[in-house]
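A.B. asks: Okay, handing you the structure first.
Each reported figure results from applying straightforward, stated rules to the coordinates on display, with no laboratory input. For clarity, every value in this text was computed on a predicted model and none was experimentally measured. All Cβ positions, even for glycine, are placed from backbone atoms using ideal geometry, and neighbour counts span all protein chains on display.
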Amino acid sequence: MTPKLKAAIAAIQPLTPIERQQLLQILTQSDSSLNLQTDLKTLSTQFWQGNTLNQLLATQSPTIFNNPKDFVASFWPEEDSMDDFLNFLRQQRQEVI
């Protein structure tokens, strides 16, 4: 550890944890801003380049399901029918128009 780094650590000892976190955020942001232009160019190139479905599958790991019943919600009250809800929804939309 260099003497400058030791002095910097000693200087931040009196800071509160919140102040230390704020200092860390400021230092991180200043480092990030130096590379921001390069990052934007890289991201722009990557965006317009496009990805194949296989590449997206490899990077995003989406949930694949075969049985829609696996995603049925248990919070819908049994006494309320779907038709009643859809009628209510249509009525609300008509009132807005």
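A.B. asks: For the pair residue 16/residue 51, report the inter-label distance in nm, with labels modelled 7 Å from Cα in the Cβ direction.
C.D. replies: That separation, rounded to one decimal, is 4.2 nm.
A.B. asks: Taking the structure as given and computing volume of the Cα convex hull per residue in Å³, which label from (1) 361; (2) 343; (3) 123 fits?
C.D. replies: So the calculated entry is the one marked (1).
A.B. asks: Considering the options 57, 27, 91, tell which one lies farthest towards the positive end of the dipole of the range 3-96, charges being +1 on Lys and Arg and -1 on Asp and Glu at the Cβ, about the Cα centre.
C.D. replies: Farthest towards the positive end: 27.
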